[in-house]
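The next block holds one structure in the form of structure tokens; read it before the comments.
The values are calculated or read from the model by the stated rules, or taken from the named source; none is laboratory data. Worth saying up front: this structure is predicted, and the values here are computed from it rather than measured. Here the Cβ positions follow ideal geometry from the backbone for every residue, glycine too, while neighbour counts run over all protein chains shown. Quick note on the areas: whole protein, heavy atoms, side chains included, nothing else; ligands and nucleic acids left out. Shrake-Rupley method; radii C 1.70, N 1.55, O 1.52, S 1.80 Å.
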Amino acid sequence: METPNTTPPAIDTNKIIEERRAKLAAIRAAGTAFPNDFVREHYAGEISAEHGAAEAAALAASGINVVVGGRIMLKRVMGKASFATIQDMSGRIQVYVSVDDTGAETLEAFKHYDIGDFIGVEGTLFKTQKGELTVRAKKLRLLTKSLRPLPEKFHGLTDQELKYRQRYVDLIVNADTREVFAKRSRIIQSVRSTLIDDGFLEVETPMMHPIPGGAAARPFKTHHNALDMELFLRIAPELYLKRLVVGGLEKVFEVNRNFRNEGMSTRHNPEFTMLEFYAAYWRYGNLMTFIEGMLRRAAETVTGSAVVNYQGRTIDFAKPFERLTITGAIKKYRPDITDEELASRERIVSRLNAMKVPFREHDGLGGLQLTLFEATAEAQLFDPTFIIDYPAEVSPLARRSDSNPDITERFELFIAGREIANGFSELNDPEDQAARFMEQVKQKDAGDHEAMHYDADYIRALEYGLPPTGGAGIGIDRLVMLLTDSPSIRDVILFPHMRPE
């Protein structure tokens, strides 16, 4: 016995578009094809929240009138009456269209509307025999004709690449996608509120820089024709924000777009969103404590709990975050690596070669320790963990420790095996900063495309005096991934960059 073929027949999209264009042509011939005078007064979600629990008899007796607009997502045509489900930004509601309420002409027109069309409806609320809250249409009109068919109604849009390329379709048919981006908005609002409540001032700094700075990254280049000068898209706003602290704006933050000409992965997009904030008279310890509270508040705001699930595992933002040094983390997850080995550049090189881990030949001991950490421990840091006291050679903008000048008062926060935040007590010694810029220039001349340039204006700003300051950056996209249980950064960016079709 043959297995029945349950695969739905292929949709002839071109034929459907041709049929819908013919409908649109007829609408144009009859009058205004895309009217713009409809005034919506109610949202589907608000109607459901306010009246969804009402008894059918009470609802019928109250005669509640509503005016809603939305996209047709479902449609069931019968003889003298038909049903449709429309969707707006707040949710869905059912509409009942009958010859008795709207007249034969309107009902006949409705029968020719398509899934995806936008309609405006005025009517009264009632409940069907199955108890579904419904708008009994008194007036109904077509507002926008959809020329392209939506994906098959029961399966939605499942092709992951197509979801990224045609996010507008993904948002129409996938409620989960809409919820991710609603949560993203609430996360950013929560972060902003935490900072503003603590007295921070939100600012905006340039996105085109004459000198890329504030991070180790390869920039995108552009050209300003009128000034005939090369400019770089921002890799970080850090140096501009610290200029503002020099100027007396002692607590500032920016939620900003950064651009880095780097590879793409589930954690990297060439255009991404960062929060950076700076506070005079804070040290890196203050920053870590503040970030713990900020992330806890964001988790509670968007999920209702400080304990969240990510990819099948639990992350508890209520517990104090662990703090480890780079070497401490290596030893925790690779106890076979000894203190003596970690203190020897030659032995770390030998270890990295044995592990077939690439490293930069010009790196000193601190840089090699960081490479070994990234190869052995970083992916193990699932619970929120601050890695602290980074080597000075890999921290060109961070303040050296008074007790050990080889390390800096710097941390990175790791959650679910990926970096979420980076912060430090800021380097406010202009002569030390100038020397470190010069060291970065040497590395750039040696072929390191991510090394920093020498920023003479920033040195000049420091010479006016930067008070003791702490500053940090948080990757908003990666934070949203955590709090929405999204495996890829493309799931939380509305329009991620893709190869050309």
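Summary of values
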quantity	calculated
Test for Ala33: is it open to solvent by 50 Å² or more (accessible area, probe 1.4 Å) and out of contact with any Lys or Arg (no Cβ under 6 Å at 6 or more places or on another chain)	no
Number of positions in region 433-457 that are within 14 Å of Gly214 (Cβ to Cβ), open to solvent by 60 Å² or more (accessible area, probe 1.4 Å) and outside any helix (DSSP H, G or I)	3
Considering residues of region 365-391 that are among the aliphatic types (A, V, I, L, M) and without any contact (Cβ under 8 Å) to a residue 40 or more places away in the chain only, the residue surrounded by the most Cβ atoms within 10 Å (Cβ to Cβ)	Leu368
Residues of region 466-494 that turn out to be over 17 Å from Ala416 (Cα atoms), over 10 Å from the mean Cα position of the chain (by Cα) and not small (Gly, Ala, Ser), as a count	4
Cross-chain or 6+ apart pairs with Cβ under 8 Å, region 241-253 first and modelled with pLDDT under 95, then part of a helix (DSSP H, G or I)	none
Candidates Ala84, Ala182, Ala109 - the one that is without any contact (Cβ under 8 Å) to a residue 40 or more places away in the chain and within 30 Å of Asp477 (Cβ to Cβ)	Ala182
All positions within region 69-106 that are more than 41 Å from the chain's Cα centre (by Cα), surrounded by fewer than 17 Cβ atoms within 10 Å (Cβ to Cβ) and outside any helix (DSSP H, G or I)	Met78, Gly79, Lys80, Ala81, Gly103
Qualifying positions in region 27-52 - among the hydroxyl-bearing types (Ser, Thr, Tyr) and either at pLDDT 95 or above or in contact with a Pro (Cβ under 8 Å, 6 or more places away or on another chain) (or both)	Tyr43, Ser48
Meets criteria (out of contact with any Gly (no Cβ under 7 Å at 6 or more places or on another chain) and either closer than 18 Å to Lys127 by Cβ or open to solvent by less than 70 Å² (accessible area, probe 1.4 Å) (or both)) for Gly52	yes
Matching residues, region 298-336, being in contact (Cβ under 8 Å) with a residue 24 or more places away in the chain, outside any strand (DSSP E or B) and of a type in the set (A, V, I, L, M, F, W, C)	Ala298, Ala299, Val302, Phe317, Phe321, Ile326, Ala329, Ile330
Residue satisfying all of: in region 189-221; outside any helix (DSSP H, G or I) and of a type in the set (Asp, Glu); most open to solvent (accessible area, probe 1.4 Å) among these	Glu204
